[in-house]
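Bear in mind that the values in this text are calculations on the coordinates, not laboratory data. Here the structure is a predicted model, which means the values were calculated and not measured. A quick note on method: Cβ atoms are made from the backbone with ideal geometry, for glycine too, and the neighbour counts reach across all protein chains shown.
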Amino acid sequence: MRCLIGFLALSVALPVCAAPAAKELAPPPPGATLPVVLNQTLKPGRLQPGQPVTADLWQTVPVSNQTSLPKGTKLAGHVVSVSDSSVSILFDHLRWKARTLPVHVRLIAAAAPNNVYDTRLPLGGTDRGTSSPADWTTRQIGGDEVYLSAGSGKVYDQYSQPVGFADFSGVYASPSAPGELPRAVGPFSTTATGLHGLREFSIVSSGDATTPITLAASKPNWQLGNGSAILLEVLH
């Protein structure tokens, strides 16, 4: 039976599962995307090497035609290095209930909490007068628009071409080839890359299996706020 994942009261992009949530943690395949949200604020004065860092899956993530990672699965890692001018974080495992799995990821995109919040607001005045977010049209980080009706609908790019779909389990990029799984994108557009709203940061390294994600900061009192969203790609 398809499951129904609850969502934040203001979240409109969130969705009927594409596949049943895994009873046990199932490894995501290479190429799968993990949209996560930080559940802590990161500041240089509060961090030190080795300190744990966690983020929660924004939505359901398909890992096969039969199973999905549940929303709320934790992506965990640690601070590799930190200073007034940079921070390096290596995310290396997923955690759900009592089980953990190793995972290797690279950074695709990241966004500040304000940008994430904007994806939960209706675009038009008509929608603003509609009490149910399940019937709103919203804009993703990067420009795609989500048109919902009764909780599900299509995602369109800036050229008004359909590029994905949304339901009560999440927002997804359409498979690019037969047999491929839809990619979970959370609050991001299907083609979003780089940093959004994080003006004081630049990407030094997107990371890989052994290399941490590294961001350079242009000011010493930088912070990555609680609620910042990150889109990651699973590597081999």
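Observations, loosely collected:
- In segment 33-234, inverting the average of 1/r over every pair of distinct C-alpha atoms gives 17.5 Å as the Kirkwood radius.
- Computed on segment 55-106, with alpha-carbon pairs under 8 angstrom and 6+ residues apart, the relative contact order is 25 percent.
- Footprinting exposure proxy for 136, 222 (fewest neighbouring C-beta atoms within 10 Å first): 222, 136
- Backbone geometry of segment 75-81 corresponds, through the Karplus equation with coefficients 6.51, -1.76 and 1.60 at θ = phi - 60°, to 3J(HN,Hα) couplings of 9, 10, x, 8, 6, 8, 8 Hz, x marking Gly and Pro.
- The trypsin sites (Lys or Arg not before Pro) of segment 141-227 that DSSP puts in a loop, and whose beta carbon has at most 12 other beta carbons within 10 Å, are 199.
- Counting only Cβ charges, +1 for Lys and Arg and -1 for Asp and Glu, the dipole size of the chain around its Cα centre is about 520 debye.
- Under 5 Å between amide hydrogens, built in the peptide plane, is the criterion, and for residue 51 it picks out 79 among residues at least 5 positions away or on other chains.
- Percentage relative contact order, the chain, counting C-alpha pairs under 8 Å, at least six apart: 29 percent
- Residue-by-residue Karplus 3J(HN,Hα) for segment 165-175, coefficients 6.51, -1.76, 1.60, Hz, glycine and proline x: 8, 9, 8, 6, 9, x, 10, 9, 7, 4, x
- Put simply, when 59-68, 141-150 are sorted by average Cβ atoms within 10 angstrom per residue, most first, you get 59-68, 141-150.
- Net charge over other residues, Cβ less than 13 angstrom from the Cβ of residue 52 (K, R count +1; D, E count -1): +2
- 5 angstrom amide H check on residue 93, placed H, neighbours 5+ away: 76, 103
- Close amide-amide hydrogen proximity is noted between residue 108 and 231, 232, 233, each under 5 Å apart and 5 or more residues distant or on a separate chain (H modeled in the peptide plane; Pro and chain starts excluded).
- Within the shell of other residues whose beta carbon sits under 14 angstrom from the beta carbon of residue 164, the net charge comes to -2, with Lys and Arg scored +1 and Asp and Glu -1.
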